[in-house]
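The values are calculated or read from the model by the stated rules, or taken from the named source; none is laboratory data. Bear in mind the structure is a predicted one, so any value in this text is a computation, not a measurement. Reconstructed Cβ throughout: ideal geometry from the backbone, glycine too, with neighbour counts over all protein chains shown.
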């Protein structure tokens, strides 16, 4: 099943739908993958889960993103890894 960007303006949000997000959806990126399910047998039958790569979306990645917003720069500007490593 494919993942999709939430909206064109939310670059770092990836929706996986009913498929639980996995680390391979976000490894080496600043993305946050979000998945959800509905369970009609429960009163509040909603479950959501998310997955992030702490090396990308950790404190350093968040600091760069916040700095860019404060300075009026695109959120996506910043250091780029030379290549993406996927296990």
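Determine which single condition residue 56 fails, assuming it passes every other condition in (1) loosely packed, with under 11 Cβ neighbours inside 10 Å; (2) outside any loop (DSSP other than H, G, I, E, B); (3) at pLDDT below 80.
(1)
Evaluate the following for residue 50: is it at pLDDT 80 or above and assigned to a loop (DSSP other than H, G, I, E, B)?
Here the answer is no, as residue 50 does not meet what is asked.
Kindly evaluate residue 61 against the criterion of being in a helix (DSSP H, G or I), at pLDDT below 75 and under 17 Å from the mean Cα position of the chain (by Cα).
no
So, residue 19, is that one in a helix (DSSP H, G or I) and over 26 Å from residue 69 (Cα atoms) or not?
Judged against the criteria, residue 19 is not a match.
When you look at residue 27, is it over 19 Å from residue 9 (Cα atoms), out of contact with any strand residue (DSSP E or B) (no Cβ under 8 Å at 6 or more places or on another chain) and modelled with pLDDT of 75 or more, yes or no?
yes
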